[in-house]
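Presented below is the structure to which this report refers.
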Amino acid sequence: MSKPSIPRGTRDFGPKIMAKRKYILNTIEQVYQSFGFMPLETPSMENLSTLTGKYGAEGDQLLFKVLNSGDYLKDISADKFESKILTPLISEKGLRYDLTVPLARYVVMNQNEVTFPFKRYQMQPVWRADRPQKGRYREFWQCDADVLGTPSLLCEADFVKIYRQVFAKLKLTGYEIRINHRKLLEVVVEKADASTHFKTITIIIDKADKIGIEGVKNELINLGLNENQTTVILSLLNKQAFNAANLANIKSALPNTENANKAIGDLTQLLELLNHQTDFVYLDGSLARGLDYYTGCIFEVVPTDVQMGSISGGGRYDDLTGIFGLKGISGIGISFGIDRIYDVMEELNIFPADGTKFTDVLFCCMDEKAFAYCLPLADDLRLNGIKTEVYPDTSKLKKQLDYANAKNISWAVIIGENEMNNNQLAIKNLVSGEQELIDKNALTLFLEKL
RNA sequence: GUAGUCAUAGCUCAGUUGGUUAGAGCAUCGGUUUGUGGUACCGAGGGUCGUGGGUUCGAGCCCCAUUGAUUACCCCA
């Protein structure tokens, strides 16, 4: 027998971990719903025609492809045995790579049924055939919310509020919401006369957190930019308070172009929609986001008390559904990285204490007759919202209490001959060690008042 | 795709310049206690030292290959 294992880059989530993950997921879901977002789930598999070409050449490499069913080589002749030719012949499905493309596909397929603006949230795993490393997996969860079909900046404001509510509920206070505008980047790169390298430059700028200003400068020079050009671009890379004065400063430093006015206009309007309440919010010129479909405001949330990358990101995109033939739908979306939020909360130790408690009461039966005696009592407790289980064997009491300890159960109800003869129960508090005899019918009341 | 590190009991790991029968803690099971746990004591089970080859009188340890894990780069959440 070989030892069992799971594929690299995948994980099991045991009961204790699941309790904490559910706590995060439920919190996010609750907040999404409170803003009027509705759930959507899509299949784990999409047609490869839906997926390929949407994530760039690198992304296509990272797609998990699913072999066709049955004898998939039956009609393939030997001259087709070259991966480029063979792959499309034997695989027509792939695992989804993110939740955004499936959303676009869904909306286009159901455009006559969905009501715009379409507000949906989706919390499902996605797969990437990446090489796993710290904080990077081949199967991981995304928790997206998007609004499709309106250019209104009210959506941007809502997402800022969603961030604040989610992290307030999770009692996570050390974080920053960083905001930037994609067109601001475009204007600055234009001003530096380096537009041909726009995409590469955004990727470099996005690394500013990691490699520092000097690192960015070096990479820009390696790209072939001169001293003037890098200076112009580097002038953008500071983080500052999100307020009207700073926006005015930025505006005065930029040429009076359509893009510049649009970017500053959007950010100003967002500031007003937030009623100038900018707790946790910063304007960060170095925020770029790697994905190139963003066209407007972009967001990122970074924890400040823990050394960790972003725990959420998102932004506005103008033409997501265009790739599937539905033009002119502006949208905006964000995504929480639940795995990283988990790590941050674990490190700060801010999960609620009773998070791993699944059972309140354990019935310990000393003989077979005790089962009949306690089963109705257990049912009654459950109906009253008390999580109850009956130890299924008449094992030695030590073993039953060990089980209760292992599951962090706080109450044991012990039933043997003595208790049954007197219509009583021995109820033991496993935290304090105290034990008392109570009347059989008083159990629910006894536990309810706690 | 590139580079480094690692692989010994269910888990976490010791194991000396190569030298007798490969150890510990935790976990599991049994006992001290026919019905009272977290602590203590006693005992038991559990290993092809990732796999294959080589060097040697002798390999967990050295060499080569291979597989897997992990970390960094590229890219990304």
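Miscellaneous remarks
- Furthest towards positive pole of dipole, A:Leu383, A:Asn429, A:Ile415, structure part region A:357-448, Cβ charges: A:Asn429
- Whole-percent carbon and sulfur share, accessible surface of region A:199-295, 1.4 Å: 48 percent
- In region A:357-448, the portion of solvent-accessible area held by carbon and sulfur atoms comes to 49 percent [1.4 Å probe, whole percent, DNA, RNA and ligands not counted].
- Most fluctuating residue given options A:Ile427, A:Ile213, A:Ile311, as computed from a GNM of chain A linking Cα atoms under 10 Å: A:Ile427
- Assigned charges on the beta-carbon of Lys, Arg, Asp, Glu; region A:219-308 dipole about Cα centre (debye): 180 debye
- Rounded FRET efficiency, nearest 0.05, which uses the C-beta distance separating A:Glu346 from A:Ser395 and R0 of 25 Å: 0.15
- Gaussian network model of chain A, Cα within-10 Å springs - most flexible of A:Thr200, A:Thr268, A:Thr295: A:Thr200
- In straight-distance terms, cross-link reach from A:Lys183 covers every one of the aspartates and glutamates whose alpha-carbon lies under 20 Å from its own, apart from those fewer than eight places away in the same chain; here that gives A:Glu156, A:Asp193, A:Asp206, A:Glu258, A:Asp266, A:Glu272, A:Asp284, A:Asp292, A:Glu300, A:Asp318, A:Asp319.
- Inter-part distance where region A:333-401 and region A:146-176 are each reduced to a Cα centre, Å: 34 Å
- Charge dipole magnitude, Cβ of K and R +1, D and E -1 - chain A, Cα centre, debye nearest 20: 440 debye
- Pairs spanning more than 31 Å between alpha-carbon atoms, out of A:Lys16/A:Lys171; A:Lys93/A:Lys161; A:Lys22/A:Lys217: A:Lys93/A:Lys161; A:Lys22/A:Lys217.
- Remark: the A:Asp319-A:Ile221 segment gains 32.0 nm on full extension, using 0.36 nm per residue and subtracting the alpha carbon distance.
- With R₀ set to 51 Å, the beta-carbon distance separating A:Asp379 from A:Asn243 gives a calculated FRET efficiency near 0.25.
- Mean ellipticity per residue at 222 nm, deg cm²/dmol - from DSSP H runs of n ≥ 4 across chain A, formula -39500 (n - 2.57): -12000 deg cm²/dmol
- Annotation: per residue accessible area for chain A equals 51 Å², rounded to a whole number [probe 1.4 Å, protein chains only].
- Fully extending the segment from A:Phe446 to A:Asn275, taken as 0.36 nm per residue of separation minus the present Cα-Cα distance, adds 56.5 nm.
- Most fluctuating residue given options A:Asp305, A:Asp158, A:Asp75, as computed from a GNM of chain A linking Cα atoms under 10 Å: A:Asp75
- Förster radius 22 Å - calculated FRET efficiency between A:Glu41 and A:Thr359, Cβ distance, rounded to 0.05: 0.15
- Computed over region A:329-417, the ratio Rg/Rh where both radii use C-alpha atoms and Rh is Kirkwood: 1.26
- Rounded to the nearest 20, the Cβ-based charge dipole of region A:357-448 about its Cα centre (Lys and Arg +1, Asp and Glu -1) stands at 320 debye.
- Computed over chain A, the ratio Rg/Rh where both radii use C-alpha atoms and Rh is Kirkwood: 1.09
The values are calculated or read from the model by the stated rules, or taken from the named source; none is laboratory data. Bear in mind that the values here come from a model prediction, so they are computed numbers and not experimental data. Positions of Cβ are backbone-derived with ideal geometry, glycine not excepted, and every protein chain shown enters the neighbour counts. Heads up: the accessible areas ignore ligands, DNA and RNA and are worked out on the full protein's heavy atoms, side chains in. Shrake-Rupley method; radii C 1.70, N 1.55, O 1.52, S 1.80 Å.
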